[in-house]
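Undergrad: This is the structure I have questions about; it appears just below.
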């Protein structure tokens with residue numbers, strides 16, 4: 001505990017001195033549900049999508065690189081799909 005809480009007399013004693021960290025706390029958690037091999041396969045699939053298609057049959061306005069960016073943003077930030085789908089770099093993060 002911070003000594004400032006004691007010195008400010010918010011607490012009469014250090015109530016945290018006998019607390020122990022949970023077992024395994026120092027082991028980093030796996031942040032991604034995918035293994036490195038699965039991520040390589042996903043990225044290869046994104047590369048296979050290719051470029052955006054012009055209006056007409058098979059039209060889509062996004063490229064494989066856009067899909068890869070979507071996946072990378074999801075994996076490394078933990079944002080939900082809906083948050084990534086509405087992500088706008090022109091707006092500040094957080095409150096809208």
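Undergrad: Packing-wise, with mean Cβ within 10 Å as the measure, how do 66-76, 49-59 rank, highest first? Numbers along the way, then the final one.
TA: Numbers: 66-76: 15.4, 49-59: 9.5.
Top to bottom by mean Cβ count within 10 Å: 66-76, 49-59.
Undergrad: Hey, another quick one. Which value in Å is the Kirkwood Rh of segment 3-85 over different Cα pairs?
TA: Values: mean 1/r = 0.0577 Å⁻¹.
When all Cα pairs of segment 3-85 are included, the Kirkwood radius is 17.3 Å.
Undergrad: Could you work out how much longer the chain between residue 44 and residue 5 gets when fully extended? Use 0.36 nm per residue separation minus the Cα distance between them, nm to one decimal. Could the numbers behind the result be given before it?
TA: On the way: separation 39, 0.36 × 39 = 14.04 nm, distance 5.33 nm.
Using 0.36 nm per residue and subtracting the Cα-Cα distance, I get 8.7 nm.
Undergrad: Below 8 Å, C-alpha to C-alpha, sequence gap of six or more: please give me the relative contact order for segment 3-85 in percent. List each step's numbers first, then the result.
TA: Numbers: 47 pairs, mean separation 14.9, N = 83.
Here the relative contact order equals 18 percent.
Undergrad: For residue 75, project a label point 7 Å along Cα to C-beta. Then give me every residue of segment 43-59 with its amide nitrogen under 11 Å of that point.
TA: Under cut-off, by backbone N: 43-46.
Laboratory data are not the source of any read-out in this text; all were calculated from the coordinates shown. Just so we're clear, the structure is a prediction, and the values are computed from it rather than from any experiment. Every residue, glycine among them, receives a Cβ derived from its backbone with ideal geometry; neighbour counts consider all protein chains shown.
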